[in-house]
Amino acid sequence: GILQQVERARDDLEDQRGAATGRLAIALPPSVGRTLTAPLVKAFREQLPRANLSIVEGLSTYALEWLVIGRVDCAVVYNVTPSPAIDLQPLLDEPLYLVSARPPRARRIGPPLSLREVAEHELVIPSRPHSMRMLLEAALAGEGCRARVALEIESVPAILDLVQQGGCHALLAENAIRGSGQPEAFQLRPIAPPLVATLWMATSALRPRGLLIERATVIVKDLLRQRAG
């Protein structure tokens, strides 16, 4: 802990000189990590050559814990509950889809369905308090229905493997499908009205953000918007 404080003090001095230097540890959610990691590393090397980047992957709940204890300096997280210890900046809104194994000759983007229709499908979904799970359950409660949970799985690749086998469905953003390595294997059905998850950049409210985090936030936001577009 003392060494980390010394390192951060050194970085603060460099920030005052206008140089974004030092080491930045950032946490990414699994649905984003596979598509964002390589371009993020490339952008850091080009735009912040004097900085060192460390990337860890984890669900938003874990990422916020790592942020509080100082394991990471910032985290890209989904729909989080505001906290006095956490500062949040919005990055991107992502619509969620009902994801299924794609039938032969079917279109990749299927017809839209309602929340009540989503409730009729058996889902492979993370356990509470995962942000996607809480978002879905709150929306379904407003319709007077509940999710049919077939399996609780925390791993996005494992969820997609189970969906691809057929019989179960998932609720995911398109980023997760793009990062699967075989997006054409899945059919995505939009939800009407849209169910939207927001990606945030989370930082500690108890530590100064610093120039390096400010620059990293801009880079991450630009990359996410490019990939969403």
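The values are calculated or read from the model by the stated rules, or taken from the named source; none is laboratory data. What you see is a predicted model; the values in this text were computed from it and never measured. Glycine also receives a Cβ, built like all others from the backbone with ideal geometry; neighbour counts cover every protein chain displayed. The protein model used for the area step is the full one, side chains on, heavy atoms only, and it has no ligands, DNA or RNA in it. Shrake-Rupley method; radii C 1.70, N 1.55, O 1.52, S 1.80 Å.
Here are the numbers for the structure shown:
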quantity	calculated
Residue ID - surrounded by the fewest Cβ atoms within 10 Å (Cβ to Cβ), chosen from residues in the range 162-177 that are more than 13 Å from P30 (Cβ to Cβ) and not small (G, A, S)	Q165
Filter result for S83 (part of a loop (DSSP other than H, G, I, E, B) and either open to solvent by 10 Å² or more (accessible area, probe 1.4 Å) or free of Cβ contacts under 8 Å to residues at least 24 places away in the same chain (or both))	yes
Residues being under 23 Å from T61 (Cα atoms) and at pLDDT 90 or above - total across the range 201-217	9
Given (1) over 15 Å from the mean Cα position of the chain (by Cα); (2) not in a helix (DSSP H, G or I), number of the condition L171 does not satisfy	(1)
Enumeration of residues in the range 128-154 that are open to solvent by 20 Å² or more (accessible area, probe 1.4 Å) and either under 17 Å from F186 (Cα atoms) or in contact with a Lys or Arg (Cβ under 7 Å, 6 or more places away or on another chain) (or both)	M134, E143, C145
Pairs where the first residue, in the range 34-60, is more than 23 Å from Q182 (Cβ to Cβ) and the second is open to solvent by 100 Å² or more (accessible area, probe 1.4 Å) and in a loop (DSSP other than H, G, I, E, B), C-beta under 9 Å, 6+ apart	V56/R71
Tally of residues being loosely packed, with under 14 Cβ neighbours inside 10 Å and within 16 Å of the chain's Cα centre (by Cα) across the range 178-193	0
